[in-house]
Amino acid sequence: NIDNDVHEIAGLCFDKGYSVGKFNTVFHDPILEQSMPQHIVEEGKESDKYKDWKSAKRKAHEDLHEAKQKSVSSRRALVHAGEYKKEARFFMSWYCDYRGRMYSLQSFFDQQKSDFERSLVTLADGCRLNKSGEVWASRALAAAYKGSKWTYDEREAWTRNNTPLIQRIAESPEDNVSEWESADDPWQFLQLCLEWNRVVITKEKKLWDVPIGVDSTSSGLQL
């Protein structure tokens, strides 16, 4: 399924021109719509104010062009997600080679792509978290915030010790962007905060349906 909450928050960020992590938006500098103030025009083309204003407008045009280029994949993912929100469930195809490694066969919602694209997807069939499942979920949440350099015990402890932060973000993500945008994987961190709050803290939701990643020590041991 598409995670409706993450999709809605991403839409708000896009409308406001607010980029977070790998989610790039387009910011329109107000100067693009403005004409040069008359008092600067009167100073003449050789004045510093005239040159500075022209330079600022040229820079705004260059920034807008660059932002449009960077935001293509984010806009595409947002539009695709909007289309799939209507579906009760959809299926994704994978290729599995002789080593047991899996590769996505579609170009969208790929779990091997950007943090933002990963956060748009949930599993259609969730599961109840037993004690072990809760531990793994807590580790995934901390890893999304601080990366995978921490030990498993440190990750679990971080999640348990930061309940107020998780709740604050989950209950009002738009007002606390500054607190989750600095995470290693901000969109997955946001998604996990929302799910952890609903399933573990408030218990208003019975089933956990957000995919989590598990890091391994080496390819040899994974195989």
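The values are calculated or read from the model by the stated rules, or taken from the named source; none is laboratory data. Please read all numbers here as calculations on a predicted model, not as lab measurements. Note: ideal-geometry Cβ built from the backbone for every residue, glycine included; neighbour counts use all protein chains shown. For the accessible areas, the whole protein counts, side chains as well, though only heavy atoms, and no ligand, DNA or RNA atoms are used. Shrake-Rupley method; radii C 1.70, N 1.55, O 1.52, S 1.80 Å.
Worth pointing out:
- Selection status of E117, of a type outside the set (F, W, Y), part of a helix (DSSP H, G or I), under 22 Å from the mean Cα position of the chain (by Cα) and closer than 24 Å to L207 by Cβ: yes
- For the condition assigned to a helix (DSSP H, G or I), within 30 Å of N161 (Cα to Cα), open to solvent by 50 Å² or more (accessible area, probe 1.4 Å) and at pLDDT 80 or above, R139 does not qualify.
- Wholly within the range 144-191, helices (runs of 4 or more DSSP H) carrying at least 1 residues that are over 23 Å from H7 (Cα atoms): 152-161, 163-171
- Residues in the range 2-61 that are farther than 30 Å from W196 by Cα, of a type in the set (G, A, S) and either crowded, with 18+ Cβ neighbours inside 10 Å or touching an Asp or Glu at 6+ places or on another chain (Cβ under 6 Å) (or both): A60 alone.
- Residues being open to solvent by 40 Å² or more (accessible area, probe 1.4 Å), closer than 24 Å to F23 by Cα and in contact (Cβ under 8 Å) with a residue 24 or more places away in the chain - total across the range 93-123: 4
- Options E174, E134: the member that is surrounded by fewer than 14 Cβ atoms within 10 Å (Cβ to Cβ) and among the charged types (D, E, K, R): E174
- Cβ-Cβ contacts under 9 Å between residues 6 or more apart (or on different chains), taken from a first residue in the range 169-187 that is over 19 Å from I212 (Cα atoms) to a second residue that is open to solvent by 80 Å² or more (accessible area, probe 1.4 Å) and assigned to a helix (DSSP H, G or I), are listed as D175/R168; N176/R168; E179/R168.
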